[in-house]
Amino acid sequence: MGSEHIESLKIENFRGFEALAIDNLSDVNVFGGANGVGKSSILEALFHLADRLNPLTLFRSYQWRRIPLGPSENLDALKLSFHDRNIKRPIFISAQSREGKRLAVEFIFGHQVISSNVTQTVPQGELTKGVSETAFATTGEGISIKATRGNRLEYHAMMQVSAAGGVVNVVKNEAVPVPQSVIVTSSLSPSESGIAERYSSIVRKGKTEELDRFLRLVHPEIRGFQLLTLGGQMVLHANIASEGVNWVPLPLLGEGAVGLASAILAIAESSGGSVMLDELDASVHHSAQKAMWILLLEASIKFDVQLFATTHSESSLEALCDAVVDQKAQHRVAYHRIRRSKEGVHDSASYSGAELIHTLRQQWEVR
């Protein structure tokens with residue numbers, strides 16, 4: 001498996017979590033629990049850890065959730081990433097890799113001293129757009145980002161937020177290349193989820209044969225794929241003709257097909273890395289969920305990707321168990337139930353594939 005595939009995760013002072021530890025992570029991990037317990041935030045924490053060399057990573061959540069930000073809101077957006085807006089305590093996300101390496105990223109809020117030789121690029125749009133208010137001036141506040149591998153600091157950057165976005169000063173960068181990580185959410189449109197770009201990238205690498213085999217399983221009538229221009233943009237089309245050609249834009253095949261295709265493309269492009277799927281099963285009919293899990297299991301093994309997914313559906317968990325039995329993959333799957341007490345304290349209970357199957361057959365509640 002990939003060198004940075006992880007077996008445990010710790011989250012401190014992030015979003016709804018004051019502290020959370022999750023152990024016994026496997027190749028394919030599914031997070032469950034009540035609505036609002038923080039399942040999506042776990043995926044975000046995993047992504048921020050993988051994206052730890054990017055000083056803008058905390059802003060990515062707003063893009064996934066389609067939350068617009070104005071210049072005066074940038075600073076508050078950072079504060080909202082901290083648990084109960086407690087900016088006096090750092091966000092700390094760490095994991096133990098299967099190779100025994102400790103990976104961590106720390107976000108510290110406060111006044112950031114940016115060296116005077118840092119330049120700021122102003123895009124043309126800032127020069128030409130019409131505005132009716134004064135610019136929001138930076139207060140000097142922002143975040144410091146420190147990424148460590150083992151006991152060694154490999155990356156340190158400071159960022160001040162301002163009307164133009166932010167000013168970043170990279171203090172130290174001795175980081176080794178990080179495996180690719182992708183988060184796939186149902187809120188992103190096909191163009192935003194990068195379907196065409198990922199398919200194009202894989203075509204250029206000459207690795208479409210195995211990918212197309214997986215993609216054809218997304219929909220029973222698909223015979224092949226091709227990138228075609230539609231409205232001035234490249235859109236992935238599927239041929240659904242039993243004989244001849246009938247190219248149909250992928251979005252016309254439904255949300256389930258788009259979600260699964262996006263997931264498979266993300267997995268294929270992230271070999272050795274990780275992919276996070278936020279409630280992908282919500283767009284897939286319950287009758288097709290076993291096939292969905294089989295497809296995801298096979299693709300994650302083929303492309304050596306550690307998979308993290310969220311669900312709150314009992315039928316999806318039952319379909320997962322059926323897929324695990326069908327594929328004899330009990331040792332590759334783990335289910336993690338996230339719980340929150342009345343006092344707001346979080347913990348997790350982890351089940352191996354075999355334990356999850358046994359628990360559901362006994363009709364015990366695990367969601």
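The values are calculated or read from the model by the stated rules, or taken from the named source; none is laboratory data. Everything quoted here is computed from the prediction, not taken from an experiment. FYI the Cβ positions are ideal-geometry reconstructions off the backbone, even for glycines, and counts take in every protein chain you see. Note: accessible area is taken over every heavy atom of the protein model, side chains too, but ligands, DNA and RNA are not part of it. Shrake-Rupley method; radii C 1.70, N 1.55, O 1.52, S 1.80 Å.
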* Filter the GluC sites (Glu not before Pro) in segment 291-361 down to the DSSP loop ones having no more than 14 other Cβ atoms within 10 Å, then list what survives. => Glu343
* Asked: Expressed in nm to one decimal, what extension gain is obtained for the pair Ser271 and Arg213 from 0.36 nm per residue of sequence separation less their Cα-Cα distance?
  -> 19.2 nm
* Among His285, Asn239, Ile301, whose Cα sits farthest toward the positive end of the charge dipole of segment 225-338 (+1 at Cβ of Lys/Arg, -1 at Cβ of Asp/Glu, about the Cα centre)? -> Ile301
* Given that compact globular proteins tend to follow 2.2 N^0.38 Å, what is the ratio of the alpha-carbon Rg of segment 1-94 to that value? -> 1.12
* To do: May I have the extent of the alpha carbons of segment 206-262 along their three principal axes, as whole Å values ordered from largest to smallest?
  => 29, 26, 25
* **Translational diffusion coefficient (Stokes-Einstein; Kirkwood radius from C-alpha pairs) of segment 201-348 at 10 °C, 1.306 mPa s, in µm²/s** => 95 µm²/s
* To do: Measure nothing fancy, just the Cα-based angle from helix 314-327's long axis to the longest principal axis of the chain, in degrees from 0 to 90, nearest 10.
  => 60 degrees
* To do: Can you tell me the relative contact order of the chain? Whole percent, Cα pairs under 8 Å, sequence separation 6 or more.
  => 22 percent
* Might you report the magnitude of the Cβ-based charge dipole of the chain about its Cα centre, with Lys and Arg at +1 and Asp and Glu at -1, to the nearest 20 debye? => 580 debye
* Asked: When only DSSP loop residues count, what trypsin sites (Lys or Arg not before Pro) in segment 183-272 have their Cβ near at most 13 other Cβ atoms within 10 Å?
  -> Lys205
* Asked: Using a ≥ b ≥ c from the Cα gyration tensor of segment 243-329 (square roots of the eigenvalues), is it rounded, prolate or oblate, where a/c under 1.5 gives rounded and otherwise the larger of a/b and b/c decides, a/b for prolate?
  -> oblate
* Structure fact -> The size of the Cβ-based charge dipole (Lys, Arg +1; Asp, Glu -1) of segment 268-330 about the Cα centre, to the nearest 20 debye, is 180 debye
* Once the piece of chain linking Gln63 and Asp326 is laid out straight, how much longer is it, given 0.36 nm per residue of separation minus the C-alpha distance between them? -> 91.0 nm
* What relative contact order, as a whole-number percentage, does segment 1-104 give when Cα pairs under 8 Å and 6 or more residues apart are counted? -> 43 percent
* Structure fact -> Heavy-atom accessible area of the chain with neighbours in place, 1.4 angstrom probe: carbon+sulfur share in percent works out to 49 percent
* Per residue, how many Å² of accessible area does the chain show with a 1.4 Å probe? -> 48 Å²
* **Ser287 paired with Val245, simple spin-label distance in nm, labels 7 Å along Cα-to-beta-carbon** => 3.3 nm
* To do: Would you mind getting me the FRET efficiency between Glu141 and Glu174? Use the beta-carbon distance for r and R0 = 35 Å, nearest 0.05.
  => 0.85
* To do: Could you pull the accessible area for His331 with a 1.4 Å probe, rounded to 10 Å²?
  => 130 Å²
* **the chain: antiparallel DSSP beta bridges as a percent of all, rounded to 5** => 75 percent
* To do: Would you rank Asp76, Asp27 by solvent-accessible area, highest first, keeping every protein chain in place and using a 1.4 Å probe?
  => Asp76, Asp27
* Run the quick spin-label model on Val203 and Leu227: label points 7 Å from Cα toward the beta carbon, then report their separation in nm to one decimal. => 0.5 nm
* Give me the distance between the Cα centres of segment 63-78 and segment 224-300, rounded to whole Å. => 30 Å
* Kirkwood hydrodynamic radius for segment 298-352: how many Å is it when counted over pairs of different Cα atoms? -> 13.0 Å
* **Most positive-pole-ward Cα, Pro177, Ala261, Met276, against dipole of the chain from beta carbon charges** => Pro177
* Have a look at Pro220, Gly33, Val167 and report the one farthest towards the positive end of the charge dipole of the chain, computed about the Cα centre with Cβ charges (Lys/Arg +1, Asp/Glu -1). => Val167
* Asked: Could you work out the helix-only [θ] at 222 nm for the chain, with each DSSP H run of four or more residues adding -39,500 (n - 2.57) and the total divided by the number of residues, to the nearest 500 deg cm²/dmol?
  -> -8000 deg cm²/dmol
* Asked: Using alpha carbons only, how many degrees (0 to 90, rounded to 10) separate the axis of helix 195-204 from the longest principal axis of the chain?
  -> 80 degrees
* Over its Cα atoms, what ratio of radius of gyration to 2.2 N^0.38 Å does the chain give? -> 1.04
* To do: May I ask for the net charge around Phe303, where only other residues with Cβ less than 10 Å from the Cβ of Phe303 are counted and Lys, Arg are +1 while Asp, Glu are -1?
  => -2
